[in-house]
Amino acid sequence: MHQENEGKLTPWWKESVIYQIYPRSFQDSNGDGIGDIPGIISRLDHIHGLGVDVIWLSPFYPSPNADMGYDIADYKNIHTDYGTMEDFDHLLSEIHSRGMKLIIDIVLNHTSETHPWFIESRSSIDNPYRRYYFWKDPAPGGGPPNNWQSFFGGPAWTFDHSTGQYYLHLFTKEQPDVNWENEHVRQAYRDILRFWLDKGVDGFRLDVIPLISKRLDFKDTPYADFQHTIQYVYSNGDRIHEYIKWLHHEVFSDYPVMTLGEGPGIMPSNVNLYTGNDRSELNMIYHLDHMFIDFGDGDKFDHGEWTLEKFMKIFDEWDEALGDSGWISISLDNHDFPRMVSRFGNDGEYWKQSAKLLATCILTMRGTPGIYQGSEIGMKNVAFQRIEDYRDVETLNFHRKYLDKGFTTEEFLKRVHRQGRDNARTPVQWSDAPNGGFTTGEPWIGVHPEYREINAANALDDPDSIYYYYRDMIALRKQNPVLVTGVYKRLSGMPDNIFAYSRQLEGEIWLVVLNFYEGTAQIVLPPGVWKSKINNYGPSGELYRGSTQLEPWQSMVLKKN
Ligand code: ISL
Ligand code: CA
């Protein structure tokens, strides 16, 4: 393991590649239709075979699943759907024995409404747990204390009849926000985090971490645009850095951990306050700018078009802001967003090529790459025809909202096909067996109808598969530190639809060229002779100079000879 040493050696968490598991949809082992921990254990070789270093496991704690586990009812236990603590310990040791690490997803901003703290809290105004959450009187004229809206539609406040007050929830009403002003809350979380680290987990993915410090005046948001409200009202509160530094001091600094914060509302202008190497806060965050790239002015289902120009600018801007000090993780999909090949690639004719191109993009960026389960076999968005087939609370809430606005279910479904989170939550397609080999029972959410063609078994049989491309691309990154820490610079003067950049380290110059388009393109390489190190259209090793033609969705990584 490398230690950070005045910027000379690269810390392991920068060199790592992360693979995210959403346990409910990964692999069922007992036929109840729900993915589980024994199922994960049975598939570890699939992940290890890619050359991945770190597994990020989405929530597996007891939960009523109002938000699929992001509503935690007991922080120190395992949901019976997923197995037992023994299963978890077994998983951890199987991951470690393969030389990989495990970071677990933890939600410190809210709990489930069924968590014992909240049950106590809502029971009476003078209960000692009242101050674990945010309770407010109705506004002077009645109604919620302010105009805040929840992430999933509707007010961020819910009225509790028995005590006559509202409680705050930035997500569903089943996810009350916890009050970090209360020292007992902080101590409780210290204890919870240490419990898992003492078991041997290697770090945390910290859900919505910049939201834990609230603006205590609870003023109305002045912004019509939800993204601005996140940035300037919900996120980056007055005490946020004090709290994260406290977590670092009380917990993280005592263990060799990876800390990956989810960063809604973190901007290039303040990212280094969270991840700068002189800050003692987090190793890295991931931002959502390119994930929100096609959200329209209304809500996320009111989508606009994304352009490559906008996409590239986001990468440039963040890289520049991070400079030599901060660090981020980079991915193009996760359990909250559409599948990357359907969103940023071409899931029709150029499915394979574009999936490989997107892999090239995330694995050649200056940041710790994140791969979401199934994307390594090119899983696509799904288009269920009935609203009953959807499970995500966000989709179901917005469905009601769109019906109220006068839309039909059919019209709304078109938007869900494009933007819904369940696109990423259909079961992993393992084989052409019924239900894609995910379960022998009835899956909790439908399997993608194309599972007979797109599945992990086919990928392993096909030497030209997306899976093997990921493996080769990861290996290339590992063998060449320039792809990890080398300076990133976008190449100017490229035709439209081409994203091209260089990476430079200690005299080595590399180029990455990505044709984000279903047509050919003519590019002019910078002076010199360039040797291809990987090419999604065939073997590498060829030499290029000057004017070069790129095929539809072609990507190449080139090294200056
Ligand atoms: O999913 C989103 C957009 O549709 C995001 O805005 C998402 O709500 C935001 O990134 C926060 O996500 C995290 O916290 C949520 C949970 O639902 C998500 O699954 C989780 O990744 C509340 O815990
Ligand atoms: Ca199961």
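The values are calculated or read from the model by the stated rules, or taken from the named source; none is laboratory data. Here the structure is a predicted model, which means the values were calculated and not measured. Note that we place each Cβ from the backbone using ideal geometry, even for glycine, and neighbour counts take in every protein chain shown. To get the accessible areas, we keep the full protein, side chains included, count just its heavy atoms, and leave off ligands, DNA and RNA. Shrake-Rupley method; radii C 1.70, N 1.55, O 1.52, S 1.80 Å.
Do the conditions hold for Q149, that is, is it at pLDDT 95 or above, out of contact with any strand residue (DSSP E or B) (no Cβ under 6 Å at 6 or more places or on another chain) and farther than 20 Å from N77 by Cβ?
In short, yes.
Answer yes or no: is there a residue in the range 294-309 that is over 22 Å from K101 (Cα atoms), in a loop (DSSP other than H, G, I, E, B), of a type in the set (F, W, Y) and within 16 Å of ligand 1 (Cβ to nearest atom).
yes
For the range 516-542, which residues satisfy the criterion of being farther than 30 Å from G326 by Cβ and either among the hydroxyl-bearing types (S, T, Y) or in contact with a helix residue (DSSP H, G or I) (Cβ under 8 Å, 6 or more places away or on another chain) (or both)?
Y517, T520, S532, N536, Y537, S540
Within the range 39-77, track down each residue that is closer than 19 Å to G99 by Cα and open to solvent by 10 Å² or more (accessible area, probe 1.4 Å).
I41, S42, R43, D45, H46, H48, G49, G51, D53, W56
Every residue in the range 200-228 that is among the polar types (S, T, N, Q) and free of Cβ contacts under 8 Å to residues at least 60 places away in the same chain, please.
S213
Assess whether Q231 counts as being within 15 Å of ligand 1 (Cβ to nearest atom) and either hydrophobic (A, V, I, L, M, F, W, C) or without any contact (Cβ under 8 Å) to a residue 60 or more places away in the chain (or both).
yes
Those residues that are farther than 25 Å from K101 by Cβ and either in contact with a strand residue (DSSP E or B) (Cβ under 7 Å, 6 or more places away or on another chain) or surrounded by fewer than 17 Cβ atoms within 10 Å (Cβ to Cβ) (or both), I need them from the range 279-293; list them, please.
Selection gives F292 alone.
What are the pairs, 6+ residues apart or on separate chains, where a residue within the range 86-113 that is more than 25 Å from V208 (Cα to Cα) has its Cβ under 6 Å from a residue that is modelled with pLDDT under 95?
Taking only residues 6 or more apart or on different chains, not a single pair turns up.
For the range 155-253, please list each of the strands (runs of 3 or more DSSP E) lying entirely inside it that holds at least 1 residues being closer than 23 Å to P144 by Cβ.
157-160, 165-168
Determine which member of the set R391, R343 is touching a Phe, Trp or Tyr at 6+ places or on another chain (Cβ under 9 Å) and closer than 19 Å to W306 by Cα.
Of the residues listed, the single one that is touching a Phe, Trp or Tyr at 6+ places or on another chain (Cβ under 9 Å) and closer than 19 Å to W306 by Cα is R343.
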